[in-house]
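One structure is given here, and the rest of the page talks about it.
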Amino acid sequence: MPPEEATGIRVRLDQVLAERGMTLTELAQRVGVTVVNLSVLKNGRARAIRFSTLAALCRELDCRPGDLLDYEEDGQD
């Protein structure tokens, strides 16, 4: 990723899904978001997320935003 695009934000959606025993498809249906959009988020390619979507994910996964998102300074990958 070019340095100007590096945010340090890491998405932990795959780990939370695994902990809950839920598939991306099931989550997409529950939240009302396409599987493709959730996949973009899960793979760290999303550039933004609406608070309403984040709230829906937290509701369905019974978690807090910090469970889904993490911050790492550059060079800590």
The chain, accessible area per residue, ligands and nucleic acids excluded (1.4 Å, Å²): 69 Å²
Solvent accessible area, Å² - ARG59, 1.4 Å probe, full protein context: 150 Å²
Cα-based helix-to-principal-axis angle, 51-61 vs the chain, degrees rounded to 10: 60 degrees
Carbon and sulfur %, accessible surface of the chain computed with the full protein complex present, 1.4 Å: 49 percent
Extended-chain gain in nm, criterion 0.36 nm per residue less alpha-carbon gap, SER52 and THR23: 8.4 nm
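The values are calculated or read from the model by the stated rules, or taken from the named source; none is laboratory data. Worth saying up front: this structure is predicted, and the values here are computed from it rather than measured. We work out accessible area using only protein heavy atoms, side chains counted, and drop any ligands, DNA or RNA first. Shrake-Rupley method; radii C 1.70, N 1.55, O 1.52, S 1.80 Å.
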